[in-house]
Each structure stands twice: as structure tokens, then as C-alpha cells.
Amino acid sequence: MEMSDRYDPSEVEQRIYAWWQSSNYFRSEDVSTKPPFSTILPPPNVTGSLHLGHALDHTIQDVLVRWKRMSGFNTLWLPGTDHAGIATQSVVEKKLKKEGKSRQDLGRDAFVDEVWSWKEQYGGRIVEQMKRLGDSCDWDRHVFTLDENVSQAVKKVFVQLYEKGWIYKGTRLINWSPSLESALSDLEVDYKEVKGNLYHIRYDLEDGSGSLTIATTRPETLLADTAVAVNPDDERYASFIGRKLKLPLLDRSIPVIADEHVETEFGTGALKVTPAHDFSDYEIGKRHNLEMINMLNKNGTLNEAAGEYAGLKVFEARKKVVEDLEAKEQLLKTEPHTHQVGHCSRSGCVVEPLLSDQWFVKTEHLAEPAKRVVESGTITFEPESWTKTYLHWMDIIQDWCISRQLWWGHRIPAYYCEQGNVTVSEGQPTECAVCGSANLKQDEDVLDTWFSSGLWPFSTMGWPEETETQKTFYPTNVLVTGHDIIFFWVARMIMAGLEFKKDVPFRKVYIHGLIRDAQGKKMSKSTGNAEDPLELIDEFGADALRFTLMAQIASGRDLKFSKQRLEGYRNFMNKVWNATRFALGAFDGFDASKIEPGTVLNSNDLSDPDQWIIHKIGQCEAEVDAALSSYRFSDATHAVYSFVWHELCDWYLEFIKPVIYGEDSKEKTATQTVLVQVLNRAVRLLHPFAPFISEEIYQKLPIKGEACIVDTYPTPKNDKDWLEMGSETVATELDLVREVITAIRNIRGENRIKPGVEIKTVLAPKDDKSQKILGGNKEYIRSLAKVGELLIQPDVDMNKSAVTPVRMGDLSVEVVVPLEGLVDFAEEVKRISKNIEKLQKELGSLSKRLSNENFLKNAPEDVVTQGKKQMEDLKTQIESLEASKLRLS
């Protein structure tokens with residue numbers, strides 16, 4: 001079958017994907033004799049675009065799903081998108097603003113219709129982008145978090161939790177976005193480093209006998225102070241505890257209290273306490289039963305509690321308060337201070353802690369069983385270190401604010417009569433459950449997006465109905481996600497699954513790290529180091545991007561992304577393509593009609609390279625199977641890469657060229673059969689990581705099944721009979737030959753001997769076995785190392801020669817290449833001396849760093865280990881160069 005000179009991803013990928021989809025290869029079955037494997041796609045925001053974090057997250061899932069599908073499982077990868085309350089409402093509000101309108105102008109119903117229209121027009125973009133990456137989801141099952149069945153599930157959960165007393169309305173401190181005029185989840189708060197000031201303010205004792213100095217970054221909040229707290233062990237303030245202070249500017253009386261949570265080292269050690277506008281202060285306020293004064297309106301201006309400052313915006317009030325404190329000589333000092341300030345992730349405004357009337361979920365009863373399933377190992381984390389983090393979070397869990405002051409989302413199913421009584425109902429109630437009034441008004445707020453996301457593993461499968469989907473696929477096998485949402489999403493899914501399904505939502509949680517740039521810096525648009533995966537796919541192809549991400553992922557660690565690596569793996573794809581082109585050319589006259597991938601040949605008909613490559617692919621299958629089974633994706637990727645690039649392309653194809661172009665038809669047919677069988681297995685092994693190129697190549701092979709995506713994934717178990725054609729003994733022998741050829745090539749390169757020059761080589765085996773192996777493979781060594789005269793003898797004069805020892809287990813040989821007439825010895829000695837000097841400098845610098853106590857104490861363990869290994873490598877290189885210099889002298 002014809003193949004183009006170069007692999008062109010843009011021509012292949014969308015065509016192949018459309019064929020997979022139209023052939024229903026991604027489809028799962030609710031009833032099947034195959035064992036089930038299921039995972040749910042963390043639903044991206046409907047407003048979103050694919051970023052590199054998505055690409056990593058999705059590639060991991062797709063690798064697992066494709067591997068399991070090829071391993072005979074009934075695989076469900078359930079896709080969906082999130083309505084993303086704040087994000088989507090913000091996008092549409094910005095659109096309206098450009099048109100000179102606001103949501104208030106439209107009214108609630110018309111605005112929600114406008115958002116639905118936007119969603120219908122643009123909401124499918126991210127799904128199409130996922131397909132570009134190769135996501136093999138069961139798209140027929142795609143769910144949107146505002147679909148009717150999900151909405152019914154959300155209402156049912158709300159009502160049941162309310163009836164148990166686990167959902168309540170109350171006044172607590174929450175994150176507030178003055179711009180959106182809505183509560184925010186912690187995940188919707190971006191902390192940014194801000195250069196501000198630390199203001200030192202004098203608070204006078206009420207009796208005039210002295211004063212305290214406090215330090216704050218938010219002087220305007222003193223207008224809502226209700227105490228000053230000091231640490232009971234701080235001797236500086238022991239005499240102040242229990243006394244009264246006069247609040248600056250407002251002259252209100254506030255107490256000095258003792259609280260062990262006050263840090264004596266920060267600022268002055270005396271802490272102004274504003275319980276209604278600071279989370280730490282709120283906890284102090286609750287412990288000491290302090291008054292909680294709210295000084296903010298919902299739009300971020302100050303209210304009447306701020307006295308003469310009412311109506312000012314926060315930063316205007318800050319400026320005025322500072323001016324007034326200076327005028328009263330109560331501002332003692334102002335010093336620059338850089339600190340982290342929370343900003344609304346959607347509007348960019350500063351987030352204000354606000355005491356607000358909201359709906360909350362009481363979490364204590366839900367958290368306990370969610371802790372137990374992790375402690376017992378029913379749910380496991382990979383890497384295991386995240387177990388401790390999860391359990392710590394569950395120990396300190398707070399009640400969860402679930403209401404948002406938005407119009408887009410799941411509207412809270414609570415209804416109020418004129419007397420203020422509340423009726424909570426799944427359907428639209430006709431009368432008040434308390435007084436019977438028919439005049440009811442629904443709560444204006446919507447639910448936090450994470451409320452519906454927490455039900456995702458079962459609401460997407462048809463709950464609250466009992467469906468075959470749930471019977472087959474719930475609980476799911478694994479959840480793949482980043483560590484930033486373990487608490488926001490993972491914990492809530494576990495709590496909801498145990499409460500409403502009486503079972504965990506998944507058995508395994510695989511946590512991956514973040515993607516950073518080549519220097520290890522966090523990627524972001526603002527710093528200009530973010531990479532657009534769609535642009536990368538356009539330039540390098542989806543397979544190269546997927547392979548790059550999987551080759552670098554290590555258990556839970558952040559990975560450094562660079563285009564240089566991406567180029568390297570694009571070259572790998574081209575290598576695979578070109579190897580296939582050679583192979584297809586080698587099949588001229590080959591009759592594949594009676595050959596299957598598992599056809600077993602008589603081992604007597606197989607050449608040594610044939611037996612060698614069969615043994616090698618068997619080792620690769622074992623490595624990949626073990627690695628994927630334990631979520632070691634980079635190990636699996638490296639095993640496939642190493643086999644395809646090195647064993648198959650670099651060596652086997654070279655070993656067999658004399659046979660392919662030779663006259664022995666029987667030997668040629670055997671080698672052609674092994675080549676096509678190996679290539680068939682190689683592309684199947686490659687498929688989960690690089691699905692497009694593997695499918696394209698698979699379809700061009702003389703032997704194949706219906707499609708690579710649904711063919712069997714090769715393992716030592718299912719390939720047992722075929723792999724027995726390989727020989728470990730022959731593999732060891734050819735490995736020695738390969739190392740010898742490599743040593744000769746390296747000597748040629750190091751001594752700058754031109755490729756066309758046939759060099760004399762002496763091989764000095766140290767044992768009889770090595771002597772026999774080398775003697776039986778002289779032709780391979782001659783042709784592949786471009787050797788003229790080849791001698792195999794135990795004794796050899798090494799003077800004026802390049803020498804490389806080759807050792808493999810109990811096999812040992814010295815590779816000796818006489819250099820007389822090939823190099824200028826004086827110049828070569830000079831060059832070696834310079835290299836030794838350079839390496840000694842590197843060694844000295846490295847040694848100095850590794851003997852520095854501060855470096856050893858602060859550097860990551862892997863950096864220290866790598867440094868020590870580098871030192872040993874440098875010492876070995878120096879010893880080798882010293883020996884070479886001595887021989888050439």
C-alpha cells in the first residue's frame with residue numbers, strides 16, 4: 001500500500017477520528033459479557049478552551065481507556081461539560097455590555113434565555129477541541145450540568161439533605177465578589193502578590209493611661225473592629241488583657257482579649273479583630289462571642305455602620321481613613337509590605353470577606369464516612385502521599401456555602417410565602433407547607449457549580465432512576481484529576497456517592513501534577529509562557545503532543561514542558577512512519593493471505609535477528625503491561641519508544657537488510673513474516689499513546705484486523721505462543737554484537753574518522769563464550785560498523801589505539817581500533833588534555849556545591865542524587881580520557 005514520503009498529521013487526524021466515530025468504536029454497552037471499565041471526564045467549563053492542563057488530564061484518561069478497550073473491556077469514558085455559573089454569566093454580561101445592555105435591563109428569564117442561546121452557539125467549541133486531541137469518549141452519552149435529568153438529581157439531593165437538617169440557611173463569613181455581587185467558592189479566588197503597605201496605628205486605652213499599636217494592611221476595616229487580641233503568653237501585653245480601648249476615628253469602646261492563635265512575631269503582636277471581614281478574625285469572634293459588625297454593602301461600598309465614611313468604595317475609604325489617622329496623629333508608621341490578596345477569578349476585583357445570609361451544607365455527617373473509605377483503602381490515591389492531604393482536609397472541613405447570587409445555574413428549590421416561611425420541594429409547590437398560602441416566591445439564588453459537579457459520577461448515569469448504566473458502570477474504576485480540586489470536587493463526589501448511592505464513586509484517584517515551562521515556572525497568559533495545545537497540534541500533530549506529555553509524567557510531580565522535547569517526539573513519529581515505508585517496500589512479492597498476527601513459524605526457519613526482535617518485543621510488552629497496570633505512564637511510553645526507535649528501527653531493520661535484498665526466498669519469507677508481525681504489534685503497543693499514526697499505519701499493513709483501536713493489546717500472556725519463537729540466548733548474543741558495533745562507531749566518532757573509511761578492528765574476548773559469539777557474527781560487525789580487517793584474538797597491542805571495554809553480564813570483550821595513520825597523535829593528546837581540564841573544572845564546581853551544607857539542606861532530594869551521579873560520571877569520563885591519553889602518548 002502506498003505511503004507518502006512524510007507523515008502529515010493534518011491530513012490524517014481528522015479523517016481517522018471521523019471514521020472511528022462513525023464506526024461507533026467509542027461506544028460502550030449497558031449490557032455486555034465483557035468486564036466493565038469506566039471513568040468520568042472532569043467536565044470542562046462550557047466557556048473554556050482547551051489548555052495544556054486539559055491536554056495532560058485528557059491524554060492520561062484516553063491512554064487508560066484505549067488500553068482497556070484493546071484489553072477486552074466494555075469501556076465507558078463518560079464526557080460532559082459544566083455550565084460554569086459565574087464564568088458563563090460573566091461572558092454573556094460582557095457581551096451585553098458591549099451592546100449597551102445589562103442583565104437587569106433584560107430581566108431574569110430573558111437573560112437566562114440569552115445565556116442558553118450563547119451556550120448553543122459556542123458551548124460545543126471545547127468538545128471539538130477535545131476531539132482534536134483524540135479523546136475517545138462515548139459522545140452519545142455527553143451530559144451538560146443543566147440537562148433536565150441532572151437538574152432533577154440536583155433538586156432531589158437538595159431536598160433530601162434539607163429534610164435531614166443537613167442543608168440550612170444561616171449567616172456566616174464567605175468570599176464576596178463586589179463586582180459580581182455574589183458569593184464565591186475558594187477555587188474562584190485567585191491570590192495575587194500585591195505591593196501594599198503595613199500601617200502601624202495607635203489604639204488608646206479608654207482611661208488614657210497608655211496605648212497599644214497594631215499593624216494592618218487594611219486600615220479601613222478598623223471601622224468594624226470589635227476587639228484587639230494579644231497572645232496570652234506575650235509578656236508585653238499581659239497588663240492590657242481585659243481592659244478597654246477607644247476605637248480610632250469612631251470612639252467606640254472595644255476590649256483587649258487574649259487568644260493563643262495570635263502570632264507574636266507578626267507586626268506588633270497586637271491584632272485588630274474585625275470578625276465580619278476577615279476569616280481568622282471571624283474564628284476569634286466566635287470563640288470570644290464578639291459582636292460582628294458588617295460595614296459593607298453588596299456592591300463593595302461602605303454602609304451606615306462606617307459612619308461618615310458610608311458610601312465610599314473600599315480603596316477610597318482606605319485613603320480617607322489613613323488621612324484622618326494622620327491628622328489625629330494616630331498613624332505612627334507606614335512601611336511597604338508585599339502580601340497575597342484574593343481577586344475574583346472572573347471580574348478581577350478584590351474579593352472581600354463578608355458576613356452574609358447564605359445556604360450551607362452541614363458537612364460533619366457527610367465527611368465522616370468519606371474519611372473512613374480512604375482510611376480503609378476502599379478508595380486509594382496515586383501517588384499515595386495525597387491520602388494524608390485528603391484526610392487532613394476532611395478533619396478541618398467547614399460547612400459549605402452553596403448559594404450564589406447569580407441567575408445562571410440550578411436555582412435553589414426553596415419557596416417563600418409572605419410570612420417568610422420556607423417550603424423546599426423538588427417540584428413547583430402550590431402552597432406554603434407551613435401556612436398554606438398560595439402566594440409563593442422562589443429563592444433568587446442558584447447553587448454553587450460544585451454542588452451539581454459533586455453528583456457527577458451518578459447523575460450522569462441516570463440517577464435518581466435505577467438504570468442499567470449504573471448497574472454496569474458505577475462505581476467507576478478511576479478518577480484522573482489535578483491536585484488543586486481534591487477538596488472542591490473529589491471529596492464532595494465521595495461524600496455524595498456514599499450518601500445517595502451507598503457506595504464510593506470510584507476506586508482509585510490518580511492525581512497528576514501541573515505543567516510548567518522549561519524553566520519550571522507556572523504557565524500563564526499574563527507571563528507570556530503559556531502554550532496553546534491547539535496551535536501545538538497544528539504544528540506538531542496530536543500524537544507528538546500526547547507522547548511528550550506522557551513521556552514526562554511522573555507520579556504526582558509537576559512536569560516541565562518544552563517545544564524542544566515536542567520536536568523530538570515529532571521526529572519519533574516520523575521515524576515510525578519511515579520504518580513502515582521501508583517495511584512495506586520489503587513486502588514486495590510477499591503473500592500475506594495465509595499469515596495471521598499470531599501465526600507461529602518453525603524456529604529453525606528463523607534467523608538470529610528474527611529471534612532477537614521477537615524476544616525484545618516480548619520484553620517491551622511485559623514492561624508496558626506492568627507500567628500501565630501501576631499508572632507509570634512515562635515508563636510505559638519509554639518502553640515503547642525505546643523498542644520502536646532503537647531495537648526495531650536502528651537495529652532489526654539494519655540486521656535484516658541482507659536477507660530482504662538477498663536471494664534465499666525461504667529465509668526472506670520467514671523474515672518478512674516476522675517483520676510484519678512485529679510491526680503489527682508495535683503499532684498496537686503505540687496506539688494508546690499515539691492513536692492517529694498507529695491507526696493510519698495499521699490500516700496499511702498486509703496483516704491486520706478491523707481497526708487498531710479495537711484490536712487486542714499485546715501482552716506476554718495473550719502473545720505467549722508467538723513469543724516462544726524468540727530466544728533469550730540468541731538475544732543475549734546479538735546484544736553483545738550490538739554493543740561491539742556501537743563501541744566501534746563511537747571510536748570512529750570520537751576520533752573524527754570519516755564514515756567512508758573502513759577501519760581495522762581487533763576484538764579481544766576475555767572468555768570462550770564471547771569468542772564463539774563474535775566469531776559467529778563477524779559479517780554483521782563488518783557491514784554495520786564499516787570494518788575492513790576484523791581480527792578476533794585474545795591478545796592485542798593497545799598502544800596508539802582507541803580501546804573500549806564491552807561487558808554484558810559474564811561476557812567481556814575489549815574493542816581495539818589501531819589509530820596509526822588515522823589521527824594526528826600530538827593534536828589528539830592536546831584535545832584530550834583540554835577535555836580533561838574542562839571536566840576537572842566541572843567536577844571541582846560540582847564537588848564544592850555538594851559539600852555545601854546549606855545546599856544539601858535546601859535542595860530537593862532528586863537534585864542532590866542527580867548531582868552525585870553526575871560526579872561519578874565525570875570521574876569515569878576523566879579516568880577513561882587519562883587512559884586514552886596514556887595510550888596515545
inquiry  = So, K704, is that one open to solvent by 20 Å² or more (accessible area, probe 1.4 Å), modelled with pLDDT under 95 and within 27 Å of S136 (Cα to Cα) or not?
reply    = yes
If you go through segment 364-373 one residue at a time, do you hit one that is part of a loop (DSSP other than H, G, I, E, B) and over 26 Å from the mean Cα position of the chain (by Cα)? no
Checked segment 1-31 for anything among the hydrophobic types (A, V, I, L, M, F, W, C), within 30 Å of D591 (Cα to Cα) and exposed (fewer than 11 other Cβ atoms within 10 Å of the Cβ); matches are M1
When segment 781-797 is checked residue by residue, the ones that are open to solvent by less than 60 Å² (accessible area, probe 1.4 Å) and in contact (Cβ under 8 Å) with a residue 60 or more places away in the chain are L784
Of the residues in segment 663-682 that are free of Cβ contacts under 8 Å to residues at least 60 places away in the same chain and in a helix (DSSP H, G or I), the one that is nearest to F582 (Cα to Cα) is K668
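Residues to consider are R318, R287; find the one that is more than 30 Å from G242 (Cβ to Cβ), open to solvent by 30 Å² or more (accessible area, probe 1.4 Å), out of contact with any strand residue (DSSP E or B) (no Cβ under 6 Å at 6 or more places or on another chain) and not aliphatic (A, V, I, L, M). Let's see the steps before the verdict.
Working: R287 fails: more than 30 Å from G242 (Cβ to Cβ).
It is R318.
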Result of the Cβ filter at 8 Å on segment 849-876, keeping first residues that are of a type in the set (S, T, N, Q) and partners that are part of a helix (DSSP H, G or I), at least 6 apart or interchain, is Q870/L846
Filtering segment 207-243 down to residues that are more than 17 Å from K333 (Cα to Cα), aliphatic (A, V, I, L, M) and over 49 Å from the mean Cα position of the chain (by Cα) yields A238, I241
Filter segment 227-255 for residues that are in contact (Cβ under 8 Å) with a residue 40 or more places away in the chain, open to solvent by 10 Å² or more (accessible area, probe 1.4 Å) and assigned to a loop (DSSP other than H, G, I, E, B); the one that is nearest to E291 (Cα to Cα) is L250
Across segment 32-46, the tally of residues that are more than 15 Å from R69 (Cβ to Cβ) and either assigned to a helix (DSSP H, G or I) or open to solvent by less than 50 Å² (accessible area, probe 1.4 Å) (or both) stands at 6
Restrict the check to segment 370-379 and report whether at least one residue is of a type outside the set (G, A, S), in contact with a strand residue (DSSP E or B) (Cβ under 8 Å, 6 or more places away or on another chain), open to solvent by 20 Å² or more (accessible area, probe 1.4 Å) and modelled with pLDDT of 95 or more. yes
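Filter segment 266-284 down to the residues that are of a type outside the set (G, A, S), in a helix (DSSP H, G or I) and open to solvent by 40 Å² or more (accessible area, probe 1.4 Å), then identify the one that is farthest from P219 (Cα to Cα). Before you say what the answer is, go through the steps one by one.
Initially, segment 266-284 is screened for residues of a type outside the set (G, A, S), giving 266, 268, 271-275, 277-279, 281-284.
Restricting the remaining residues to those that are in a helix (DSSP H, G or I) gives 279, 281-284.
Then drop every residue that is not open to solvent by 40 Å² or more (accessible area, probe 1.4 Å), which leaves 279, 283.
Working: F279: 16, E283: 20 Å.
This residue is E283.
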The correct count of residues that are within 20 Å of V351 (Cα to Cα) and open to solvent by less than 10 Å² (accessible area, probe 1.4 Å) in segment 192-220 is 2
Scanning segment 819-833 for residues that are within 52 Å of the chain's Cα centre (by Cα) and acidic (D, E), the one nearest to T804 (Cα to Cα) turns out to be E828
Of the residues in segment 305-361, those that are among the polar types (S, T, N, Q), over 30 Å from L161 (Cα atoms) and either free of Cβ contacts under 8 Å to residues at least 24 places away in the same chain or part of a loop (DSSP other than H, G, I, E, B) (or both) come to Q330, S347
Log entry, pairs with first residue in segment 70-81 being free of Cβ contacts under 8 Å to residues at least 60 places away in the same chain and open to solvent by 10 Å² or more (accessible area, probe 1.4 Å), second being in a strand (DSSP E or B) and not small (G, A, S), beta carbons closer than 9 Å, six or more apart or on different chains, reads F73/P36; F73/F37
Scanning segment 115-128 residue by residue, the ones that are of a type outside the set (F, W, Y), out of contact with any helix residue (DSSP H, G or I) (no Cβ under 6 Å at 6 or more places or on another chain) and either touching a residue at least 40 places away in the same chain (Cβ under 8 Å) or open to solvent by less than 90 Å² (accessible area, probe 1.4 Å) (or both) total 7
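What about V159, is it in a helix (DSSP H, G or I) and within 28 Å of F37 (Cα to Cα)? Step through it out loud before you land on a result.
Values: in a helix (DSSP H, G or I): yes; within 28 Å of F37 (Cα to Cα): no.
Here the answer is no, as V159 does not meet what is asked.
Going by what's in this entry, would W166 be described as under 12 Å from G342 (Cα atoms) and crowded, with 17+ Cβ neighbours inside 10 Å?
Values: under 12 Å from G342 (Cα atoms): no; crowded, with 17+ Cβ neighbours inside 10 Å: yes.
When the stated conditions are applied, W166 does not pass them.
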Restricted to segment 744-780 and to residues being open to solvent by less than 60 Å² (accessible area, probe 1.4 Å), under 49 Å from the mean Cα position of the chain (by Cα) and of a type outside the set (A, V, I, L, M), the residue modelled with the lowest pLDDT is N751
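Check whether at least one residue in segment 549-572 is closer than 30 Å to G454 by Cβ, surrounded by fewer than 18 Cβ atoms within 10 Å (Cβ to Cβ) and modelled with pLDDT of 95 or more, and report yes or no.
We begin by selecting, within segment 549-572, every residue closer than 30 Å to G454 by Cβ; these are 549-550, 553-559.
Within this subset, residues satisfying the condition of being surrounded by fewer than 18 Cβ atoms within 10 Å (Cβ to Cβ) are 554-558.
Narrowing the set further to residues that are modelled with pLDDT of 95 or more leaves none.
No - not one qualifying residue is present in segment 549-572.
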Restricted to segment 663-686 and to residues being farther than 18 Å from N718 by Cβ and of a type in the set (D, E, K, R), the residue least open to solvent (accessible area, probe 1.4 Å) is K668
Flagged pairs (Cβ under 8 angstrom, 6 or more apart or on separate chains; first in segment 621-644, farther than 18 Å from Q61 by Cα; second of a type in the set (K, R) and open to solvent by 50 Å² or more (accessible area, probe 1.4 Å)) are V644/K575
Residue count, segment 685-709, condition touching a Phe, Trp or Tyr at 6+ places or on another chain (Cβ under 6 Å) and either within 30 Å of M808 (Cβ to Cβ) or hydrophobic (A, V, I, L, M, F, W, C) (or both), comes to 4
The correct count of residues that are open to solvent by less than 10 Å² (accessible area, probe 1.4 Å), assigned to a helix (DSSP H, G or I) and within 29 Å of Y7 (Cβ to Cβ) in segment 707-738 is 3
Scanning segment 170-183 for residues that are open to solvent by 10 Å² or more (accessible area, probe 1.4 Å) and in contact with a Phe, Trp or Tyr (Cβ under 8 Å, 6 or more places away or on another chain) gives G170, R172, L173
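Out of everything in segment 839-855 that is of a type in the set (K, R) and over 16 Å from E882 (Cα atoms), what residue ends up being surrounded by the fewest Cβ atoms within 10 Å (Cβ to Cβ)? Give the steps one after another, and end with the answer.
Step one: of segment 839-855, the residues of a type in the set (K, R) are 841, 848-849.
Within this subset, residues satisfying the condition of being over 16 Å from E882 (Cα atoms) are 848-849.
On the way: K848: 10, R849: 14.
If we take residues in segment 839-855 being of a type in the set (K, R) and over 16 Å from E882 (Cα atoms), then K848 is surrounded by the fewest Cβ atoms within 10 Å (Cβ to Cβ).
The values are calculated or read from the model by the stated rules, or taken from the named source; none is laboratory data. As the structure is a prediction and not an experimental result, all values here were calculated from the model. No Cβ is skipped: glycine too gets one built from the backbone with ideal geometry, and neighbour counts run over all protein chains shown. We work out accessible area using only protein heavy atoms, side chains counted, and drop any ligands, DNA or RNA first. Shrake-Rupley method; radii C 1.70, N 1.55, O 1.52, S 1.80 Å.
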